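One structure, as structure tokens, below. Some questions next.
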Amino acid sequence: MAKSDYAASGVDIDAGNRAVELMKEAVQSTYGSEVLAGIGAFGGLYDAGVLQSLKAPVLVASTDGVGTKVKLAARAGRYRSIGHDIVNHCIDDILVQGARPLFFLDYFATSHLDPEICAEVVTGISEACREAGCALLGGETAEMPGVYMPGEFDLAGTIVGVLERDRILPRTDLHPGDVVVGLASSGPHTNGYSLIRRIFENVSIEAINPELGRSLVDALLVPHRSYLPVLKAALDLPGSPIKALAHLTGGGFVENIPRVLPGNVDVVIHTNAWTVPALFRLIQVQGEIAPEEMYQVFNMGIGMVAIVDKKEVDALRKAIPEEIFIVGELVEGQRKVILK
């Protein structure tokens, strides 16, 4: 088939090549000496010799997407922040098991490839990878007319990390009386955006919102936060006080915390233990959403929770360089969440 015929079918090879050139420098800025082959290779090569410093290394892998936050980014014409979103979301997903990131792979799929948009997204991915000491080892840019509607795109990523076998979380010593400590989120992160877009469908997202002190789009496109920088020191402590971590993503408090609990406990969450940010209050009022659903869809200002022995709270507070919130405790039960 002639090149012009392929382009006529909706796939532009030249656009793909231009996107690679635009993102090449950003991607290569994430490489350390452990990357043996990256962009341009059929598969990324990573020197596994770096694992030899560990006694019993365990690899942890996770794949996720940004969801319909991509549509809000497209509506606003802002693309770099969602690159941070996908990396940081994946970092947090393996962090809850105690792992540190090694390398990341991205997947960008669209109806018609715009090299500048693609490069902007991947630049955001590269920036987040550099901040985490994680190599952007490879990825795929797919142009699929007929599969995606014109102007539509999707973003997904896969992360691989590592930890010592004897440091895997959650630990087995969780019991009634342990407390739940919350760390602040930066916003809705990457969850609930289908509902958010419906609620604000006919609202100007660029206008300054008095309740937020900034535009709605500025508040909604704040990148998903990575908790690696603030939790690393606490996790690295000999006899770390952290028994378990839960990343409050899709499913909010109600569905995520039980994933790390043993079968004989419930978790009681005191919803007055922190100030819910104005953005979530605005979403609830504007959408007329029941409080119970808010805590099942959104993080409500708490993006990560740690479970610790009550006597270890002060040790955890000293190891974390920001304010933490005692948001609940474990009680006897059956892996349920009780909101109070």
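Throughout, read-outs are computed from the coordinates displayed, never taken from laboratory work. Everything quoted here is computed from the prediction, not taken from an experiment. With ideal geometry, Cβ positions are generated from the backbone for all residues, glycine too; neighbour counts draw on all protein chains shown.
I need the GluC sites (Glu not before Pro) found in region 232-301, filtered to DSSP loop residues with at most 13 other beta carbons within 10 Å of theirs.
GLU288
Nearest 20 debye, what's the magnitude of the dipole of the chain about its Cα centre given +1 on Lys and Arg Cβ and -1 on Asp and Glu Cβ?
The calculated dipole for the chain is roughly 700 debye.
Within straight cross-link reach of LYS69, meaning Cα distance under 14 Å, which aspartates and glutamates are found once same-chain residues fewer than 8 apart are removed?
List returned: ASP85, GLU152, ASP154, GLU201, ASP218.
Roughly how large, in nm² to one decimal, is the mean projection of the convex hull of the alpha-carbon atoms in region 167-311?
Projected over every direction and averaged, the Cα hull of region 167-311 covers 9.4 nm².
So for each of 166-172, 27-33, 131-137 I average, over its residues, the number of other beta carbons within 10 Å; can you give me the resulting order with the highest mean first?
So the peptides 166-172, 27-33, 131-137, ranked by packing, come out 131-137, 27-33, 166-172.
Further, regarding this structure: What's the exposure ranking of SER194, SER81, going from fewest to most Cβ atoms within 10 Å?
SER194, SER81
When only DSSP loop residues count, what chymotrypsin sites (Phe, Trp or Tyr not before Pro) in region 37-138 have their Cβ near at most 14 other Cβ atoms within 10 Å?
The qualifying sites are PHE42.
Can you list the aspartates and glutamates whose alpha carbon is less than 14 Å from that of LYS318, not counting same-chain residues fewer than 8 positions off?
Output for LYS318: ASP236.
Right, something else. Toward the positive end of the charge dipole of region 182-298, about the Cα centre and with charges on Cβ (Lys, Arg +1; Asp, Glu -1), which of GLY187, ALA290, ILE208 goes farthest?
GLY187
Could you tell me which of the pairs LYS243/LYS311; LYS71/LYS336; LYS311/LYS336; LYS232/LYS311 are separated by over 22 angstrom between their Cα atoms in the structure shown?
Where the Cα-Cα span goes over 22 Å, the pairs concerned are LYS71/LYS336; LYS311/LYS336.
Taking 1 over the mean of 1/r across every pair of different Cα atoms in the chain, what Kirkwood radius in Å do you get?
Kirkwood hydrodynamic radius for the chain: 21.3 Å.
I've got another one for you. Starting with the fewest neighbours, write out LEU54, LEU212, LEU95 ranked by other beta-carbon atoms found within 10 Å of each beta-carbon.
The fewest-first ordering by Cβ neighbours comes to LEU54, LEU212, LEU95.
By count of other Cβ within 10 Å, fewest leading, how are ILE94, ILE326, ILE82 ordered?
Ascending Cβ contact count within 10 Å gives the list ILE326, ILE94, ILE82.
How about LYS340: which aspartates and glutamates have a C-alpha closer than 12 Å to its C-alpha, ignoring those fewer than 8 places off in the same chain?
Within the straight-line limit of under 12 Å, LYS340 reaches these aspartates and glutamates: GLU292, GLU329.
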